[in-house]
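Here, each number is a calculation from the coordinates, and none is a lab measurement. If you're wondering where the values come from, they're calculated on a predicted model, not measured in any experiment. Methodologically, a virtual Cβ is constructed for each residue, glycine included, from the backbone with ideal geometry; neighbour enumeration extends over all protein chains shown.
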Amino acid sequence: MNYWLMKSEPDVFSIDHLRKQKIGGWDGVRNYQARNFIRAMKKKDRVLFYHSNAKPSGIAGIMEIAREAYPDPTQFDPENEHYDPGSPPNAPRWSQVDVKFLKTFRKILPLDEIRDVPALQGMVLLKRGRLSVQPVTTAEWRLILRMCS
DNA sequence: GCCAACGTTGGC
DNA sequence: GCCAACGTTGGC
């Protein structure tokens, strides 16, 4: 079992949206490093749902991988804001996964609280602020779940 | 809305 | 292959 963290702006897609629809497609990732993590995800892997550009920004809950990587259709849709005319149809550049809602934390875990926890100083979230899909260690996962459950 | 960080693009 | 210009992310 691997653990991950994925970011979304709640104005666009929040954990409440996912809770209502139960399963959602995580499309629109347009960064190669993030894409490579998407492609490494396995069914049942667990994911922290992070709200970015929020008040406050932080971890809102958890989900799991419901479907492993497949081509993100929005890359071929000229009407879509994530359209990528350079993506070869026979070797699509961008992938997505489907995620399943598991739980909303009673209280969001804000970024500034994460910064205050010594055991979480190594989180990719703190070191690589702009990466929208990133791995989480087992120790980080367990601690965050303990803090938020 | 500002701006720092950083990824991508494209000229050379 | 370098690097300046530019665009995007995301905290504040």
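Data overview
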{"item": "Residues satisfying the stated conditions in region A:27-44, i.e. more than 13 Å from DNA strand C (Cβ to nearest atom) and touching a residue at least 12 places away in the same chain (Cβ under 8 Å)", "result": "A:Ile38, A:Arg39, A:Ala40, A:Met41, A:Lys42, A:Lys43, A:Lys44"}
{"item": "Any chance A:Asp72 is of a type outside the set (A, V, I, L, M, F, W, C) and surrounded by 16 or more Cβ atoms within 10 Å (Cβ to Cβ)", "result": "yes"}
{"item": "Test for A:Leu102: is it within 12 Å of DNA strand C (Cβ to nearest atom), of a type in the set (A, V, I, L, M, F, W, C) and not in a loop (DSSP other than H, G, I, E, B)", "result": "no"}
{"item": "Where A:Asp72 falls short, out of the listed (1) in contact with a Ser or Thr (Cβ under 7 Å, 6 or more places away or on another chain); (2) more than 16 Å from DNA strand C (Cβ to nearest atom)", "result": "(2)"}
{"item": "Residue satisfying all of: in region A:1-24; more than 11 Å from the chain's Cα centre (by Cα) and assigned to a strand (DSSP E or B); surrounded by the most Cβ atoms within 10 Å (Cβ to Cβ) among these", "result": "A:Gly24"}
{"item": "Scope region A:1-55; condition closer than 27 Å to A:Phe76 by Cα and charged (D, E, K, R); matching residues", "result": "A:Lys7, A:Glu9, A:Asp11, A:Lys22, A:Asp27, A:Arg30, A:Arg35, A:Arg39, A:Lys42, A:Lys43"}
